[in-house]
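Enquirer: Just passing along the structure, written as structure tokens.
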Amino acid sequence: MRPALLLLALFASQALVVSRAWLAAYAPDPLLPVAAFAALYWPRRGLLLPVLVVGWLRALVLLEPAGGQVLCVLGSTLIVASLRPALLSWGRAGYVLAALVQAGCWSLCAAAVSALSGQTITGGRELVLGALLAVPLAGLACAAGRSVTVRP
Amino acid sequence: MSSARPALLLALLCCGSLFGWPGLRDAEQGAALFLLPADPLVKACLPAPMPAQGAARERDLTRATEAWDVWCRALMAQARPVDARYEARVVPVLAARPEQQELLVRVPVGGVRAGSPVTSQGVLLGFLRPWGSHAEVVESGGRARVALLGHPLARPVAASWQLAERAVGEPVHFLITSGPAGPRVAHSSSDSLPPAGQLAWTRDVSRLGDALPAGFLVGRLEVEAAADLPGGGLPGAGAGGLALRLQPVLDAYALSHVVIESAVGQEFALQGCLGHVLASGTSAQRVRLDVGRIDGVQGGDLVVQDGQWLGTIESAGPLTSVVRLGLPDGQLLVVSPDDEIVATTAEPARWPADWTPSPGALVLAGHVDLGGLLVGTVVSADAGGLSVLADPPDPARPVRVVPP
């Protein structure tokens, strides 16, 4: 699963480029469902790897300092991962809720890091719209999640 | 505890990235390697770029080239080397060092002499000085140092001032030497004091073997009360306890280009490389190029596309680099619709008094190798800053990356 998820993150980052080109400010961020999936199903001990990959890829695509996006993904993923037992018990709705929580925490982190560092760290609308992508993807994500070992 | 350690290390590295630890931003770009294979596919999925407005754009590019040429001629006013083997040449200022009273300029390697004058718009700024403790004037990268007037290593300059209404009378000669607080007026030929703000020029002392041409403006003379000397004595300069100070007429540290003397025919070796804008990055303020450090790209290099200014290299990874789009940091030329050229910067605080760029005016940057570069047209200008409309980079055409 791990290499597949990392490849999916790479694909999602390029899908973000295309969606921004066509939809501008209303482009959903496909990296968010990937990050939410990792927060729910990736083994906790190795959670830093998907955090690093998702944050770094988003920073590369948005041409921002990687540190800002990685910090935001780290913060939001740790929060969602801490809610893992409750969210997993809700099935598909739990995945959608995880994506929404992740989008909210990520956006708050982005605003805080941006204010503290003076660098542009993009969050907000794209992430919330990205969380909405979790609705059609929930069935697939839950099926994929069940096939891997989860240690809550 | 042990699982928290990697997270803390990662957070620390993130802070380093955010606050610009040296080299970290460049290292981050190394991962862009993974985006390169997908770039053609992404490019094919993007909407077609808007075509640039052909005739109007060509006209603007021509105006940019002409305005730059006019500006260079204005910079070279009065600069006429005595030695026929040398010619006046506009060169870029790479850095200003007020603490050392120096400028760092880029010059043609092998084509300049120590002690040759450095000017701008007919104003003598200083002289080229040897690089470090060596006899060479130019270091291997083509950089040279300018010792400004008053620098301990700057040579004395013979100068004079004369009242306009007394033009038939004798001018007052003096020597500009180095002092602890900049240029010092010494050995005045008369105790007469000039009016406040009196301009002074270099004078012809070729009979004494000094080839510095006459007529360069050296500064404004200001009379100031000198402190009493211990024991009630008077200072040497001036009379009646008054001293003369030479104030610069140009802020040398704010100049983007100066004029030097260089050997005739000695050209800059045009450095830099060609690259393309990559599709695998999306930002209104930045673009990624497919050239990096292995192609010779460095942070601060300029990026242009067919006579159009794009921006400066913000970070350079091994294979790719990031360009910050927007106005140049240094000097801009603003060409009004009636072809008036004003050299300024994007900061309103440094605009000339009672002047604001008019909407529709062209904004240009200049480069000694590439000539006038079109930045864009003024949309609005007020105390908040300058807003310029620029054409976005065209991913289909190559860009050139050149040192400043």
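The values are calculated or read from the model by the stated rules, or taken from the named source; none is laboratory data. Bear in mind that the values here come from a model prediction, so they are computed numbers and not experimental data. Heads up, the Cβs are rebuilt from the backbone with ideal geometry, glycines too, and the neighbour counts pull from every protein chain shown. With ligands, DNA and RNA removed, areas are computed over all heavy atoms of the protein, side chains included. Shrake-Rupley method; radii C 1.70, N 1.55, O 1.52, S 1.80 Å.
Enquirer: Comparing the chain by itself with all protein chains present, which residues of region A:57-96 are at least 40 Å² less accessible (probe 1.4 Å)?
Expert: Relative to the lone chain, where solvent access is computed with a 1.4 Å probe, region A:57-96 loses at least 40 Å² at A:Leu60, A:Leu63, A:Pro65, A:Gly67, A:Leu71.
Enquirer: Return the unpartnered cysteines for the protein assembly as shown, using a Cβ-Cβ cut-off of under 4.7 Å.
Expert: Lone cysteines by the Cβ rule: A:Cys105, A:Cys142, B:Cys14, B:Cys15, B:Cys45, B:Cys72, B:Cys273.
Enquirer: Taking amide H positions as placed 1.01 Å from N in the peptide plane, with prolines and chain starts having none, which residues 5 or more places from B:Val93, or on another chain, fall under 5 Å of its amide H?
Expert: For B:Val93, the qualifying residues are B:His257, B:Val258.
Enquirer: Here's something else I'd like to know. Please state the relative contact order of chain A as a whole percent: Cα pairs under 8 Å, 6+ residues apart?
Expert: After rounding, I find 29 percent.
Enquirer: All other residues with a Cβ under 10 Å from the Cβ of B:Gly300 taken together, and with Lys, Arg as +1 and Asp, Glu as -1, what is their net charge?
Expert: That works out to -3.
Enquirer: Just the number, please: carbon plus sulfur as a percent of the accessible area of chain A, 1.4 Å probe, no ligands or DNA/RNA counted.
Expert: Taking all protein chains in place, chain A shows 72 percent carbon and sulfur surface.
Enquirer: Residue-wise, which Karplus ³J(HN,Hα) couplings in Hz belong to region B:339-351, taking 6.51 cos²θ - 1.76 cosθ + 1.60, θ = phi - 60°, and x for glycine or proline?
Expert: So the Karplus estimates, Gly and Pro as x, are 6, 7, 9, 10, 8, 7, 10, 6, 7, x, 4, 9, 6 Hz.
Enquirer: Give the longest segment of chain B that steers clear of GluC sites (Glu not before Pro) in DSSP loops with at most 15 neighbouring Cβ atoms within 10 Å, not counting the sites themselves.
Expert: The longest uninterrupted stretch comes out as B:1-135.
Enquirer: How big is the A/B interface in buried accessible area, both sides summed, 1.4 Å probe, to the nearest 100 Å²?
Expert: 2500 Å²
Enquirer: Which of the residues in region B:273-316 show a loss of at least 50 Å² in accessible area from their chain by itself to the complete set of protein chains, at a probe of 1.4 Å?
Expert: B:Thr282, B:Arg286
Enquirer: How much of the accessible area of chain B, in percent, comes from carbon and sulfur atoms when a 1.4 Å probe is used?
Expert: Roughly 57 percent, rounded to a whole number.
Enquirer: With +1 assigned to the C-beta of every Lys and Arg and -1 to the C-beta of every Asp and Glu, and no other charges, what is the dipole magnitude of chain B about the Cα centre in debye, to the nearest 20?
Expert: Here the size comes out at about 720 debye.
Enquirer: Which of the trypsin sites (Lys or Arg not before Pro) found in region B:78-127 are in a DSSP loop and have at most 13 neighbouring Cβ atoms, other than their own, within 10 Å?
Expert: Hits after loop and neighbour filter: B:Arg85.
Enquirer: Expressed in nm to one decimal, what extension gain is obtained for the pair B:Ser206 and B:Phe19 from 0.36 nm per residue of sequence separation less their Cα-Cα distance?
Expert: Roughly 61.8 nm would be gained on extension.
Enquirer: Whose amide H sits under 5 Å from the amide H of B:Gly115, counting only residues 5 or more places off or on another chain, with H placed in the peptide plane?
Expert: Amide H neighbours of B:Gly115: B:Leu128, B:Arg129.
Enquirer: Taking chain B as a Gaussian network, where each spring joins two C-alpha atoms under 10 Å apart, which residue of B:Pro180, B:Pro248, B:Pro348 fluctuates the most?
Expert: Between B:Pro180, B:Pro248, B:Pro348, it is B:Pro180 that shows the largest mean-square fluctuation.
Enquirer: Here's another thing I want to ask about it. Quick one: Karplus J couplings for region B:67-79, per residue in order, coefficients 6.51, -1.76, 1.60, θ = phi - 60°, nearest Hz, x for Gly and Pro?
Expert: My calculation for region B:67-79 gives 5, 5, 4, 4, 5, 5, 5, 5, 5, 8, 3, 6, 7 Hz in order.
Enquirer: Around B:Leu373, which amide H atoms from residues at least 5 apart in sequence, or from another chain, sit under 5 Å from its own amide H, with H modelled in the peptide plane?
Expert: For B:Leu373, whose amide H was placed from the backbone, the distant partners under 5 Å are B:Ala365, B:Gly366, B:His367.
Enquirer: Going by a 1.4 Å probe on protein heavy atoms, which residues of region B:1-50 end up with at least 50 Å² less accessible surface in the whole assembly than in their chain alone?
Expert: B:Leu10, B:Cys14, B:Leu18, B:Glu28, B:Leu35, B:Pro47
Enquirer: I need the phi-derived Karplus couplings for region B:86-92: 6.51 cos²θ - 1.76 cosθ + 1.60, θ = phi - 60°, integer Hz, Gly and Pro marked x.
Expert: 10, 9, 6, 8, 7, 10, x
Enquirer: Send over a whole-number figure in Å² for the accessible area per residue of the protein assembly as shown, probe 1.4 Å.
Expert: Accessible area per residue: 46 Å².
Enquirer: I've got another one for you. Pop the C-beta distance of B:Ala7 and B:Leu153 into the FRET formula with R0 = 51 Å and round what comes out to the nearest 0.05.
Expert: The calculated FRET efficiency here is 0.40.
Enquirer: What is chain B's relative contact order, in percent, from Cα pairs under 8 angstrom and six or more apart in sequence?
Expert: Dividing the mean separation by the residue count of chain B yields 16 percent.
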